[in-house]
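The values are calculated or read from the model by the stated rules, or taken from the named source; none is laboratory data. Fair warning: this is a prediction, and the values are worked out from it, not measured in the lab. Reconstructed Cβ throughout: ideal geometry from the backbone, glycine too, with neighbour counts over all protein chains shown.
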Amino acid sequence: MEQQSFSALSEKIVRLRRTYLAKLPQTLAKARQGCGLLAECVADDRVVDDLFCCFHNIKGTAASLGLPKISAESAAATEMVRQLRRLDKAARKTVQVRAIEGLGACISRMESDAGLIGMEPAPVAHAPPPAVAEPSADVADPGRRVVFYCDNDLDAAELGTQLSWFGYGFTSFTDPEALKTAVLADPPDAVIMSTAGADVMAELRREVDVPALFVSKNASFDARLRAVQAGGEAYFLKPVAAHDIVAILDQVTTRNEPDPFRILIVDDEPEMADYHAVILEAAGMVVRQINQPSKILKELGEFLPDLVLMDMYMPSCSGRDLSRLIRQIPQFVSLPIIFLSSETDKTVQVSVMRVGADGFLTKPISPEDLVASVAVRAERTRVLRSLMMRDSLTGLLNHTALLHFLDTSLASARRSGQGLCVAMLDLDHFKKVNDVYGHPAGDQVLKALARMLEQRLRNSDVVGRYGGEEFAIVLQGVTVGEATAILDQILRDFSALTFAVDGAEFSCSFSAGIAGFPDIQAADDLVKAADEALYSAKRDGRNQVQADRSRERS
């Protein structure tokens, strides 16, 4: 994080510390009132629990905001009340006087310490937390550029043509000096070469960081090792399919950053919630906080967090109970819940893990550790969520996830008044491909079409595998005519792709049908109309895109 951002974070923490110190006398007055109630009804569990929660919260918040003496006194008071909680009602009465005197002394020392602390405290001395990814803009990829270094082992003409259909421009070089001059002057998104160019690539990477992919007939260990030592990201044996190279190129040249993590903080102490929120926000996360556990269901449904960061001890509802409540809702069974508490008793920490918590962090925690712990678990959630939503072969959204996206997009289109189209695609004569060339070849065709659709559609469009060899696309903000033009171009390029199996080459095409909103209002009707247009395209000879004409006939 830049120094300016770090200074801003420190200033926010100073303000939180000042606010907390201003409220502390009122909090300590409530603690004294609790001690008074304890003297009147020492056997009352509710009074003891409220006191425990009060001192425990002071302990954690004071430690996090850089008030070590106050934290130490509240820790001592917390332990005194903890001992009372472990006694039965009869035993509590025997230690009543000594416990109240001890708690009163702790409160007095905290009041004294708070009074000695000036209202302009120094910033809390923490290193800046590491930044996480900023949100990406929803813009189409402007195109990526690949450089080929060609020799007898790499024929760039055919491979470059195939890559161009996936949105990659290319330039070829046969002279190593010309290659080096061009790459250093204007670094491309990637370089593709045979292992004969490994030394050239190693020299280039000492001056510029550019991904390198190697293509070769040589499958030996030595050839692969040379490629790795030259900085190679991947190694392909000839003959190589363009879509296999594209899959790696997409990984090493991607320009889109993931959306920021969404974190929900549940803490009855606003200052503590604010403190952790400013740290996570400074690291690029989106944070929402609630101070009343009763609001959890509403926030979970609206905010859809990647992770919940929860206090363990809250007056109206314990973190343990709240965690169990969340776990009883099927939609949030796998949502990570991390307790953040000053509780140091390992037995208690383990016990909360048994009711559905995924982690336990102890206050005070450094900003670096907080950000790292939250980011690791939130990222794991996104990976698991993606696996559940995506088709295992193509990586596209599965049937259920796509229909959910369609519902969301349709609601957005109604609000904005923009158009929306649904397209249904089906590979032509796909059964013949499987029968003649085998199912592995069919899988390659499915993956190639999926890759091309992802490449050529906009970031705002979503494509999914609807089932078998059928795909579905939701195109936002376009008319039926515009959607038809987009798919016509993709069809032409996909039909030009060649697939090779045991020396034999073949090509594939697809048929597609398109229906649009607002002509059709309901999601189910859009899918049905697009499907009918698809089968009309099949009946009319395949290898074409047709728009829904049902409204013209009605």
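Figures for the structure shown
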read-out	value
Helices (runs of 4 or more DSSP H) within the stretch 38-94 that include 2 or more residues crowded, with 20+ Cβ neighbours inside 10 Å and aliphatic (A, V, I, L, M)	45-64, 68-86
Some residue of the stretch 260-276 being modelled with pLDDT under 80 and outside any loop (DSSP other than H, G, I, E, B)	no
Qualifying residue in the stretch 438-452 (condition: buried (at least 21 other Cβ atoms within 10 Å of the Cβ), without any contact (Cβ under 8 Å) to a residue 40 or more places away in the chain and not assigned by TED's automatic domain parsing to the domain that holds Leu325)	yes
Candidates Ser342, Ser373, Ser318 - the one that is free of Cβ contacts under 8 Å to residues at least 24 places away in the same chain, crowded, with 16+ Cβ neighbours inside 10 Å and either outside the structural domain of Asp49 (by TED's automatic domain parsing) or closer than 30 Å to Leu67 by Cα (or both)	Ser318
Single residue of the stretch 279-311 satisfying the filter (within 16 Å of the chain's Cα centre (by Cα) and among the β-branched types (Val, Ile, Thr)) that is surrounded by the most Cβ atoms within 10 Å (Cβ to Cβ)	Val308
Among the candidates Leu249, Leu225, Leu179, residue that is modelled with pLDDT under 90, over 29 Å from the mean Cα position of the chain (by Cα) and assigned to a helix (DSSP H, G or I)	Leu179
Exclusive hit being of a type in the set (D, E, K, R) and in a loop (DSSP other than H, G, I, E, B), set Arg492, Arg465, Arg451, Arg542	Arg542
Options Leu526, Leu497: the member that is buried (at least 20 other Cβ atoms within 10 Å of the Cβ) and closer than 22 Å to His399 by Cα	Leu526
Conditions (1) modelled with pLDDT of 90 or more; (2) part of a loop (DSSP other than H, G, I, E, B); number of the one not met by Ala530	(2)
Inter-residue pairs, beta-carbon under 7 Å, first closer than 25 Å to Met452 by Cα and in the stretch 507-522, second among the hydroxyl-bearing types (Ser, Thr, Tyr) and not in a loop (DSSP other than H, G, I, E, B), 6+ apart	Ser507/Ser495; Ser509/Ser495; Gly513/Ser536; Ile514/Thr484
Within the stretch 500-516, tally of residues that are crowded, with 24+ Cβ neighbours inside 10 Å and not hydrophobic (A, V, I, L, M, F, W, C)	3
Residue match in the stretch 376-395 (condition: among the charged types (D, E, K, R) and modelled with pLDDT under 75)	yes
